[in-house]
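These notes are about the structure you will find just below.
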Amino acid sequence: ALRSYIAGVEARGFLPMRLYFAAKRYRRWASLNEDATAAARAATLQELAETYGLDRLARSYPEARLRFFRETVFRGASAELAGGMRARTVRSEDLASAVAELRQRLSVAPDDDYFLARIPFAYLRPEDAVDFVSIDLGGGARSEIVVALEDVDGEMFRVRHVLLPKEVERLHRLFQSAKLDVRFRPEHRYLVAINAREQIIGGIFYEIQDGGESAHLEKIVVAEGYRRKGVADGLMREFFNRVRAAGATRVTTGFFRPEYFYSYGFTIERRYAGLVKELGAEPADGRAGESAARRPSAGRAGEA
C-alpha cells in the first residue's frame, strides 16, 4: 500500500487530504452521470469546493484550485493541455494570467475553455458567460479572461483588463471627458467595460499594495450615455471579485464621493486613510450593495 501511494505521488504529485477527497467525490459523481452538462459539472465542482473548504486550503497550498481542476474535469485532458497544467505552480494572484497565457498557446475544445476560465475565478456561476481574448503584440501575444455582464436594459457588455497601450489612452480620455483629473502610473492596472461595438464605455484603475493583500481603487468612470444602467455596478462587482480571487483581503480608496462608496460597504476606519472595504465572504453572485448602488444619487456620484 505504501509503495502504491508513493508511486501515485511521484506520478501525479501530493494532494492534501481535503483536496484528495473532494476530487474523489467528484469523480464518483461523474462516473454515475457521464452525460452531465458543463453547467452541471461546474455546479458540482463549486459545491464540493465549498464543502471541503478549498478556498481556505489555498492559503497554505496555493495550487489547490488548479490541482482540483486537474484531478476532476481535466483528468482526461489531452497530453498537451495536461502537460501545460502540470507545469503550472503559481501563486493565486498570478493564476488568471497564467491560465490565459496557457490558453493562448493551445487549441482546446469549447468545454475546456469553459472550465479553464473558471480555474482562477471561483466566484463565477455555472451560467456566467466567460471567454478568452488574445491580442497580437508583434512577436508575441497577450491573453485575458473576459466576463460578459448585462446592464439594466438587457444589453450585454464585457469586462476585462486592458491589453494595449491605446486602450489605456482611451480610458484616460474617458476620465478627461468626465472632468476627472487622473494621473496614470506604471504600477496601475486598468479594468474596463466594453460594449458590443468594442468601445470602452467605463473603467477602473487601481494598484495592488501590501504584497498583494490589498488593492487601492483610484477612480471609476462610465461614459455619459451608459450611466444609471448598471455598468458601474458591474465594474465594481467584477473588480471586487478579481482582486479577491488574486488574494487581496481589503480594498482602500480615497475620500472622494464617499456616499457612492458607502453603498458598496466602504467605511471609515482609523487605521486607514480615506475609505476601506474588507473583502470577506460575499453572496455567491457578488451582488452585495447592488440595489443601493443603483439609486439615482449613487449613480451620479460614482459614474460622473
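See the values below:
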quantity	calculated
Residues of the stretch 151-179 that turn out to be in contact (Cβ under 8 Å) with a residue 40 or more places away in the chain, under 21 Å from VAL130 (Cα atoms) and of a type outside the set (A, V, I, L, M, F, W, C), as a count	3
Total residues in the stretch 79-109, condition among the charged types (D, E, K, R) and modelled with pLDDT under 75	5
Lone unmet requirement of (1) modelled with pLDDT under 90; (2) more than 26 Å from LEU66 (Cβ to Cβ) for VAL133	(2)
Inter-residue pairs, beta-carbon under 6 Å, first at positive phi and in the stretch 211-234, second open to solvent by less than 10 Å² (accessible area, probe 1.4 Å), 6+ apart	ARG228/GLY299
Enumeration of residues in the stretch 44-64 that are part of a helix (DSSP H, G or I) and of a type in the set (Asp, Glu)	GLU47, GLU50, ASP55
Filter pass, ARG41 being modelled with pLDDT of 90 or more, part of a helix (DSSP H, G or I) and open to solvent by 60 Å² or more (accessible area, probe 1.4 Å)	no
Residue identified as farther than 29 Å from PRO62 by Cα and crowded, with 22+ Cβ neighbours inside 10 Å among ALA193, ALA215	ALA193
Residue list for the stretch 255-276, filter: buried (at least 21 other Cβ atoms within 10 Å of the Cβ) and farther than 25 Å from ILE145 by Cα	TYR260, PHE261, SER263, PHE266, LEU275
THR252, sole failed condition from (1) open to solvent by 40 Å² or more (accessible area, probe 1.4 Å); (2) more than 26 Å from GLU150 (Cα to Cα)	(1)
Yes/no for GLU238 being surrounded by fewer than 23 Cβ atoms within 10 Å (Cβ to Cβ), touching a residue at least 60 places away in the same chain (Cβ under 8 Å), under 24 Å from ILE135 (Cα atoms) and of a type in the set (D, E, K, R)	yes
Residues within the stretch 8-38 that are part of a loop (DSSP other than H, G, I, E, B) and crowded, with 16+ Cβ neighbours inside 10 Å, tallied	1
Among residues of the stretch 143-160, those that are in a strand (DSSP E or B), more than 14 Å from GLY202 (Cβ to Cβ) and among the charged types (D, E, K, R), counted	2
One residue from GLU150, GLU167 being of a type in the set (Asp, Glu) and open to solvent by less than 90 Å² (accessible area, probe 1.4 Å)	GLU167
Exclusive hit being under 18 Å from ILE119 (Cβ atoms) and of a type in the set (Phe, Trp, Tyr), set TYR20, TYR26, TYR5	TYR26
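Each row is one residue, and each column tells you yes or no for (1) under 17 Å from the mean Cα position of the chain (by Cα); (2) in a strand (DSSP E or B); (3) at pLDDT below 95; (4) of a type in the set (D, E, K, R).
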{"residue": "VAL192", "(1), (2), (3), (4)": "yes, yes, no, no"}
{"residue": "GLY202", "(1), (2), (3), (4)": "no, yes, no, no"}
{"residue": "GLU207", "(1), (2), (3), (4)": "yes, yes, no, yes"}
{"residue": "LEU217", "(1), (2), (3), (4)": "yes, yes, no, no"}
{"residue": "ILE220", "(1), (2), (3), (4)": "no, yes, no, no"}
{"residue": "ARG228", "(1), (2), (3), (4)": "no, no, yes, yes"}
{"residue": "ALA232", "(1), (2), (3), (4)": "yes, no, no, no"}
{"residue": "PHE240", "(1), (2), (3), (4)": "yes, no, no, no"}
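The values are calculated or read from the model by the stated rules, or taken from the named source; none is laboratory data. Just so it is clear, the structure is predicted and the values come from calculations on it, not from any experiment. In this analysis, Cβ positions are derived from the backbone assuming ideal geometry, glycine residues included, and neighbour counts consider all displayed protein chains. Heavy atoms of the whole protein, side chains included, go into the accessibility calculation; ligands, DNA and RNA do not. Shrake-Rupley method; radii C 1.70, N 1.55, O 1.52, S 1.80 Å.
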